[in-house]
Structure formats: structure tokens, C-alpha cells
1. Once you have a ≥ b ≥ c as the square roots of the Cα gyration tensor eigenvalues for the stretch 99-144, tell me rounded if a/c is under 1.5, and otherwise prolate or oblate according to whether a/b is larger than b/c.
2. If packing is taken as the mean number of other Cβ atoms within 10 Å per residue, what is the order of 17-23, 2-8, 191-197, highest first?
3. Which whole-number percent is the relative contact order of the chain (Cα, under 8 Å, 6+ apart)?
4. Report, in deg cm²/dmol and to the nearest 500, the calculated mean residue ellipticity at 222 nm for the chain, where each DSSP H run with n ≥ 4 adds -39500 (n - 2.57) and the sum is divided by the residue count.
5. Residue separation times 0.36 nm, minus the C-alpha to C-alpha distance between Lys58 and Gln74: what's the value?
6. By its C-alpha gyration tensor, with a ≥ b ≥ c as the square roots of the eigenvalues, how is the chain shaped: rounded for a/c under 1.5, else prolate for a/b larger than b/c, else oblate?
7. Mean Kyte-Doolittle hydropathy of -0.5 or higher plus an axial Cα length of 27 Å or more: which whole DSSP H helices in the chain meet both?
8. Counting only protein heavy atoms and using a 1.4 Å probe, what share of the accessible area of the chain belongs to carbon plus sulfur, as a whole percent?
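The values are calculated or read from the model by the stated rules, or taken from the named source; none is laboratory data. Just so it is clear, the model here is predicted, and its values are computed rather than measured. Don't worry about glycine lacking a Cβ; one is built from the backbone with ideal geometry, like all the others, and counts go over all protein chains shown. Areas reflect the complete protein model, heavy atoms only, side chains present, ligands, DNA and RNA absent. Shrake-Rupley method; radii C 1.70, N 1.55, O 1.52, S 1.80 Å.
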Amino acid sequence: MAVVRGPGFEYELIRRPGQKRINIRISQAGKVTVSAPRELSTVQIASGVAAKRNWVLKHLNRLQANREQHDPLQRLLLRGIPYRVVLKKGRRKRGGVEIEDKVLYVDTLDGSEESSLAVIEKWLIKLAKDEIEKRALEISRITDIGFKRVFFRNQRTRWGSSSGLGNISLNWRIIMIPPAVRDYLIIHELCHQRQLNHSPAYWRLVKHYFPEYRKAEAWLKTNRGIMGLFRE
């Protein structure tokens, strides 16, 4: 594995035996990974990546715009409401967050951006665990769709998942989105306890419990930059 300077961007190169073609993957955090057949030369790989230059830059620019829109050190969504973020240097070794008039005051020992991001992330995860599990239980009772446990994950591209074992998993960033969209995501995963697929029958079930699910999906698509927050 090596980091290569590409045509306008850097990428991590992985050579894999048995792979047939060059594949390019871009994470929500803007990391570009290129996997290529082991037998290809460096020049051949560079040529293949260069051919996709415009596509890669288009996606990187879009991700950058999303990150700027949702820069957690400037502006942070909490339950769908934007809060201004103010960093403070204080005496809290573990850091803390206080809310006042739609302002999040983030207090850390050194006041650095790195420490502040860590404090905000930890605080949001705790909020998610405290609030979302209770809401999932409420919706479970309303819909009469049970589940065993809810887990909070750090998925890179998914808001949630549901297992045949009766468990549901939710991305902890769900605490940042509007309550209606949050409820849709919970219903989405609960419905998978009845239908472990995305068949027409599954979507009819989702629509029964959340008629405006398309609006929720549109919000998630528009605000997908949230998925790239708090990542290296």
C-alpha cells in the first residue's frame, strides 16, 4: 500500500492479485483509494487514474462543499437545528459542551480544533445513545414491530442496518438530523424485521408507517455531507 500523487489529488494505491480492472473509491471523508491488478505497471495505473480525473475531482469538490456546509467547528446540526459553535479554552481535562441560545460552547483544556472535535463527537454519541434508543422503543410499540437490541455504529456510507437476529443498528450521526427524518430511519430499519429486503412489499410497509418517506430520503441525499463528519 502506497500513497501516490495523482493528477490533482493524492490516492492510496493497493495492488491485488486476481483483480481484473482498476477500481477507484472515494470515502465520505474525501480519501481516494485505487485498487489495481498486481501485474499492471505504475505507468498503466497512473494512466487509468488520469482517465478518471474529472470524475474524481467532481466528487471531491462536492464532498468539500458538503463539509464546508456542515463544518462542525463552525456550525453543527443538532436534531435538525443549526447551532453556532464557539471554541473555548478552559480547565476541563475531559472537555465539555454547553448550549445557550442556539450556540454550542465547546470547552477543552487546550482549545485546539482536534480536542474540540473529539469532545463534540463524544458528546453527540452520548446524546444519541440516551435519546434514540428511547425513541426506537416508542416507535416499536406504535408500529407493533419488535426488536431485541439497538446498536450505534460509525458506518461510513449507511444510516442503519437490520439483522435477522432481531437487532437494528443506527449511525450515531442520526442525532444530528431532524426528528421526522430520524423517525423515518428507525421505521426503515424496523420494517426490515418484517422484510429483510427492499422489495415492493417492504416499501409498502414503510409507506404505511411513514407516508412521506420520499421526502425523508430526499433530505438525507441533500445532506449526505453529514456522513463525512468526524472522520480522519
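1. Values: a/c = 5.49, a/b = 2.65, b/c = 2.07.
Cα axes put the stretch 99-144 in the prolate bin.
2. Put in order of decreasing packing, that is 191-197, 2-8, 17-23.
3. On the way: 356 pairs, mean separation 37.3, N = 232.
Rounded, it is 16 percent for the chain.
4. Details: 6 runs with 91 residues, N = 232.
Computed ellipticity for the chain at 222 nm equals -13000 deg cm²/dmol.
5. Details: separation 16, 0.36 × 16 = 5.76 nm, distance 2.44 nm.
Answer, rounded to one decimal: 3.3 nm.
6. Numbers: a/c = 2.18, a/b = 1.21, b/c = 1.80.
Note, shape of the chain comes out oblate.
7. Working: long enough: 113-143 (42 Å, -0.19).
Result, helices passing both filters: 113-143.
8. Numbers: 6710 of 13640 Å².
Accessible surface attributable to carbon and sulfur in the chain totals 49 percent.
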